[in-house]
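Below you'll find the structure, written out as structure tokens, and then a few comments.
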Amino acid sequence: VSAVGSFWLSPSPGKLPRPRMVVRSNAVSTPMAADMRAGLAVDGGSDLKMILSYVDTFPTGNEKGLFYALDLGGTNFRVLRVQLGGKDERVIATEFEQVTIPQELMFGTSEELFDFIACGLANFAKKEGGKFHLPSGRKREIGFTFSFPVKQTSIDSGILMKWTKGFAVSGTAGRDVVACLNEAMERQGLDMQVSALVNDTVGTLAGARYWDDDVMVAVILGTGTNACYVERTDVIPKLQGQMSSSGRTIISTEWGAFSNGLPLTEFDRDMDAASINPGEQIFEKTISGMYLGEIVRRVLLKMAEAGALFGKYVPEKLSTPFILRTPDLCAMQQDNSDHLDAVGAILYDVTGVKSDLSVRKMVVEVCDTIVKRGGRLAGAGIVGILQKMEEDSKGLIFGKRTVVAMDGGLYENYPQYRRYLKEAVTELLGLEMSKNVVIEHSKDGSGIGAALLAASNSKY
Ligand code: ADP
């Protein structure tokens, strides 16, 4: 990884050495495991907050009835309803809607954002019918997936510590986000109640485990990133002896904040300095969808300024932050045409320059370098979590089938990223150990997972 830094620091015009991408064994996974322990020991003990989820019973399959989920995690929020039929019928029906959050609400007030969400939820609830039935005398219960760092205080309350992923809403940090939602629902005249507040990774883990008991870890790679896992309560010192009846609980690592020993390039550092949260979420800034395109843009700009891209011409547009998006990188890497026409079209959009084939090839190579680094670092992070679990429960992770449930738009849509991530896991664990580790896409498990957790924590 560090090779990327020194290589790009001195671009030699016209001649690109092949980037060497080697995540050395232990360089990321061991500090990750150590930071996990430090975060479990005491609140604030590490960059990794290791947040208690208060989820200590997992869905059993016996859950029955109508439940809602509301998912706020990034560029969109989603509402979902599910009719659960117990062991035999399982999921009878689901329906969902997705609403894009207007950019201005990401920088507005807490009331504006939560009113917008409650209004979306009210519109969705109005359309309930068909296979969905609420037993009389019951309120509609919601599993609220809120994928920002929250200090959970119970299964249905939690304080927002800070916004991430480009959100900078005023008036929410330090408040209970369930109360914020409840107040907004009241303002909308909507009679629903939150029964479970869950992180999207926790929802993904619960949703995946509903179908497969071997799921132990869940990772989201979308606009931002996070990972959670099933932990033994007896190895969580900060619980101070409060054991759950199952002896286990889900911990949200908040691994986006990891930074211990991460090799960073000048592009990472400059992007971080220009971000709305400098010095924070460093791992997220090297592996998640919000940032990969921006890192590539910064590399291309530097190449252009060094005369290594379009001769002496430096396109002004290329100086616009975030003009190159991660889905653009993905589209460029899927271009198999002889002349890389799709690459040319995207480059034209982003720079206004008509490029020749050699430039297009270079650009694809830059994309591949940054995406390879991102995928491999994410893979190394997963190995860190598995290592930590194995250290405490010898043989119970690598000695049997262990499933890592993956979700998020980046993982789902970017085949090269997925491949690099899996390769790194296999490489770091070795063939023998990695045989038992299954990395599995759990599509949209988080919504159903949240609804399942509302069911298993129902007030009725
Ligand atoms: P969230 O915004 O809640 O994380 P998603 O999990 O759907 O939502 O992730 C969306 C992110 O996934 C986008 O911000 C983008 O970075 C990434 N993404 C979406 N589509 C693609 C794609 N085709 N190729 C690469 N990345 C993509």
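The values are calculated or read from the model by the stated rules, or taken from the named source; none is laboratory data. Every value quoted in this text rests on a predicted model; they were computed, and no experiment measured them. Cβ coordinates were reconstructed from backbone atoms using ideal geometry, including for glycine residues, and neighbour counts include every protein chain displayed. For the accessible areas, the whole protein counts, side chains as well, though only heavy atoms, and no ligand, DNA or RNA atoms are used. Shrake-Rupley method; radii C 1.70, N 1.55, O 1.52, S 1.80 Å.
The single condition among (1) within 16 Å of the ligand (Cβ to nearest atom); (2) touching a Leu at 6+ places or on another chain (Cβ under 7 Å); (3) open to solvent by 20 Å² or more (accessible area, probe 1.4 Å) that Arg140 does not meet is (1). Listed by first and then second residue, the pairs linking a residue in segment 388-407 that is on the phi > 0 side of the Ramachandran plot to a residue that is open to solvent by 40 Å² or more (accessible area, probe 1.4 Å) and modelled with pLDDT under 95, with Cβ atoms under 6 Å apart and 6 or more places separating them unless they lie on different chains, form an empty list.
Table: residues versus (1) in a loop (DSSP other than H, G, I, E, B); (2) open to solvent by 30 Å² or more (accessible area, probe 1.4 Å).
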| site | (1), (2) |
| --- | --- |
| Phe96 | no, yes |
| Ala125 | no, no |
| Lys131 | yes, yes |
| Thr153 | no, yes |
| Ala173 | yes, yes |
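Of all residues in segment 323-341, those satisfying the criterion of being open to solvent by 40 Å² or more (accessible area, probe 1.4 Å), assigned to a helix (DSSP H, G or I) and within 16 Å of Gly293 (Cβ to Cβ) are Pro327, Ala331.
A single member of Lys394, Lys361, Lys422 is more than 16 Å from the ligand (Cβ to nearest atom), more than 20 Å from the chain's Cα centre (by Cα), within 30 Å of Tyr210 (Cβ to Cβ) and in the same structural domain as Met36 (by TED's automatic domain parsing), and it is Lys394.
The numbered conditions (1) away from the ligand (no atom under 16 Å from the Cβ); (2) open to solvent by less than 30 Å² (accessible area, probe 1.4 Å); (3) within 20 Å of Ser252 (Cα to Cα) are all true for Leu410 except (1). Scanning segment 25-52 for residues that are open to solvent by less than 10 Å² (accessible area, probe 1.4 Å) and closer than 19 Å to Gln152 by Cβ turns up Met36, Gly39, Leu40, Leu48, Met50. Against the conditions (1) crowded, with 18+ Cβ neighbours inside 10 Å; (2) in a helix (DSSP H, G or I); (3) away from the ligand (no atom under 16 Å from the Cβ), Lys317 satisfies every one except (1). If only residues of segment 59-89 that are in contact (Cβ under 8 Å) with a residue 40 or more places away in the chain and of a type in the set (S, T, N, Q) are counted, the one that is nearest to the ligand (Cβ to nearest atom) is Thr75.
Within segment 420-443, is even one residue touching a helix residue (DSSP H, G or I) at 6+ places or on another chain (Cβ under 6 Å), under 30 Å from Pro135 (Cβ atoms) and crowded, with 17+ Cβ neighbours inside 10 Å? Within segment 420-443, one or more residues are touching a helix residue (DSSP H, G or I) at 6+ places or on another chain (Cβ under 6 Å), under 30 Å from Pro135 (Cβ atoms) and crowded, with 17+ Cβ neighbours inside 10 Å.
Condition check for Ala218 on (1) part of a helix (DSSP H, G or I); (2) open to solvent by less than 10 Å² (accessible area, probe 1.4 Å): one failure, at (1).
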